[in-house]
1. Inspect region 505-517 for any residue being outside any loop (DSSP other than H, G, I, E, B) and of a type in the set (Lys, Arg) and give the result as yes or no.
2. Take the residues in region 151-207 that are in a strand (DSSP E or B) and of a type in the set (Val, Ile, Thr); name whichever of them is modelled with the lowest pLDDT.
3. Specify the residue that is nearest to ALA97 (Cα to Cα); the eligible residues are those in region 32-72 that are in contact with a Lys or Arg (Cβ under 9 Å, 6 or more places away or on another chain) and among the acidic types (Asp, Glu).
4. Show the residue pairs meeting these rules: Cβ distance below 6 Å; 6+ apart or different chains; first residue within region 113-127 and surrounded by fewer than 21 Cβ atoms within 10 Å (Cβ to Cβ); second residue of a type in the set (A, V, I, L, M).
5. Hey, can you tell me all the residues within region 492-516 that are of a type in the set (A, V, I, L, M, F, W, C) and either more than 17 Å from GLY566 (Cα to Cα) or over 23 Å from the mean Cα position of the chain (by Cα) (or both)?
6. Going through ARG366, ARG271 one at a time, which residue ends up being surrounded by fewer than 24 Cβ atoms within 10 Å (Cβ to Cβ) and not hydroxyl-bearing (Ser, Thr, Tyr)?
7. Among the residues of region 296-338, how many are modelled with pLDDT of 95 or more, within 22 Å of ARG43 (Cβ to Cβ) and among the small types (Gly, Ala, Ser)?
8. Among what's in region 24-60 and is free of Cβ contacts under 8 Å to residues at least 40 places away in the same chain and assigned to a loop (DSSP other than H, G, I, E, B), pick the residue that is nearest to ARG246 (Cα to Cα).
Amino acid sequence: MADHDDVLMYPPQVLRQYALIADGERGVIVGPRGDFCWMCVPRWDSDAVFSSLIGGGGIYAVTPEEPFVWGGYYERASLIWRSRWVTTSGVVECREALAFPGDPRCAVLLRRIMAVRGDARVHVICDPRPEFGAHGLRSPRRGDDGVWRTELGGLRMRWSGAGDASLRTTPHGDRRLETNLEVPAGGHHDLVLELGDRPLTGRRPDADRLWEATETAWRETTLRTGTIADRDARHAVAVMRGLTSRGGGMVAAATTSLPERSGAERNYDYRYVWIRDQCYAGQAAAAAGVDALLDDAVRFVSARLLDDGPDLKPAYTVDGGPLPDQRGLDLPGYPGGHDEIGNRVTHQFQLDTFGETLLLIAAAARQGRLDDDARRAAHAAVTAIERRRHGPDAGIWELEDRVWTHSRLICAAGLRALAGAVPDDPMAERWTGLADTIVAETVAFGVHPSGRWQRAADDPRNDGALLLPAIRGAVPPDDPRVRPTLEAYVEQLTDDGYAYRFRHDERPLGEAEGAFLLCGFLLAIATHQQGDDRQALRWFERNRAACGPAGIFSEEYDVTQRQMRGNLPQAFVHAVLLEAAARLAGPPCGHR
């Protein structure tokens, strides 16, 4: 449980005020008072050592001692964040990063306190508590080198740069390290905190070398393709890189349990790799020419297909393992929500993921980046579609099992894309024929009397997912069902420039759930595909503004309150923003 003093000094904030730093293996949520309020160690889905975001214990804070106004920004195309505070007597910045790329077994947190104008006086708290607050600092030791070392809850800790820190006992009997630092005007002071499940031996870490290596690693990613909103596009790439482990898996979000709707019991754990999201990221990377992210996506997805074939799960841990069962933690949770870890999605079947994997592999083939494993994985996906395409599935939104129109058409899109990308494959003609058959079968039940696509045979409603068949090439952009679907969607499922997934009931759209930012960016792409660049830019610009100063996006956006909702950062929103930024920079060109 969080210490009462910490709750008063570092209460939960609206989501737009948080930033993310990440190293591929784990991430930190940074609050406006310089509080590291969320991080799991050693990897994304491990227990948290800082969990005050959801009412747990553990915090690592650097906070000015004077009254201040908060701000901050990312260094270009990186997840190096600069917290910036204008105080009553000067300006203080704290440069924040996880050493990048990350060590899967050890997190290295870099903090450089900089006196930009005037002397900087800050208060520092170092209080990691593994297992969501179950274990605190018991016996930290300061060595002759001024470095603090200890073991806690199966983890090792080493903290450099705080030799003057002292132990304080909290009202709950826990102990934590605190210090006050003063940095002269124009100077800086480095803190390096290491946390991991391996011995921390060797020399004291060199902060300058760690910063230099981290800066260099972030500079290595480039875009080959011109985009609109270039800064945001590059930032989206940085977010996706930060969420992608060295095994290639990209977690859906860094957090768990941030509610999509206050009191609505819609709290989920997104610290895992969704196959669909990974495919969206890979296709966006291909559109923007980010080879590393494309290769990561293909590598991770191919391995899962080769292992599981028709039994492909919707989501996996970053090392390709099964998701743990869903359970609570008995914590207060983020206000309006409750704590939850694990995810039930592993028990679902989602047919459209096979189509998405084919679209991803086809994108790699068009870039000349297809290896033998990916070719074999593509054949496994085709076999799965042939075997399972007639049965119901949970669909893109993970709802009740039905024969969803979108699921079938995305499989057709994947088959067409694969056949077009590897025309020399002896099975290419068969794939095209299967795609034709699936589209014909879907037309028989998936077309509304008005001529647009509908969600399912027994569900005549429209749906944001039904924009995808034309975008991805299941049918051509001039198919007679495409424009009626788009026009009806804009009329029925958008409000004030934002887009929703589908209509839940008779309530106004915003009362049922938040606007879905993924759908807003898909709408921009779909409108551009139809040749209406003015409206496409309108949708794009409206939705890319639905973030906070850090420029990171959650899954949903409350249009009325202008607030972010759900876990953050939501990887697939950044992916489709990137794809939209690349596609809107060129002429309408169908699904290619």
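The values are calculated or read from the model by the stated rules, or taken from the named source; none is laboratory data. All figures in this text were calculated on a predicted structure; none of them were measured in a lab. Cβ coordinates were reconstructed from backbone atoms using ideal geometry, including for glycine residues, and neighbour counts include every protein chain displayed.
1. Just the residues of region 505-517 that are outside any loop (DSSP other than H, G, I, E, B), to begin with: 509-512, 515-517.
Checking which are of a type in the set (Lys, Arg) leaves us with none.
Within region 505-517, not a single residue is outside any loop (DSSP other than H, G, I, E, B) and of a type in the set (Lys, Arg).
2. We begin by selecting, within region 151-207, every residue in a strand (DSSP E or B); these are 151-152, 155-160, 166-169, 175-183, 188-196.
Going one step further and asking which of them are of a type in the set (Val, Ile, Thr), we end up with 169, 179, 183, 192.
On the way: THR169: 81, THR179: 97, VAL183: 98, VAL192: 98.
Looking at the filtered set, the residue picked out is THR169.
3. Filtering first and then ranking leaves ASP45.
4. So the pair list comes out as VAL116/VAL91; ARG117/VAL91; GLY118/ALA185; ASP119/ALA185.
5. Initial filter on region 492-516 (of a type in the set (A, V, I, L, M, F, W, C)): 493, 499, 502, 509, 512, 515-516.
Within region 492-516, LEU493, PHE502, LEU509, ALA512 meet the criteria.
6. Numbers: ARG271 fails: surrounded by fewer than 24 Cβ atoms within 10 Å (Cβ to Cβ).
Step by step, each of ARG366, ARG271 is checked, and only ARG366 is surrounded by fewer than 24 Cβ atoms within 10 Å (Cβ to Cβ) and not hydroxyl-bearing (Ser, Thr, Tyr).
7. The total comes to 6.
8. Our first condition is that a residue be free of Cβ contacts under 8 Å to residues at least 40 places away in the same chain; within region 24-60, this holds for 31, 33, 35, 37, 46.
Right, trim to assigned to a loop (DSSP other than H, G, I, E, B) and you get 31, 33, 46.
Numbers: GLY31: 27, ARG33: 31, SER46: 16 Å.
It comes out as SER46.
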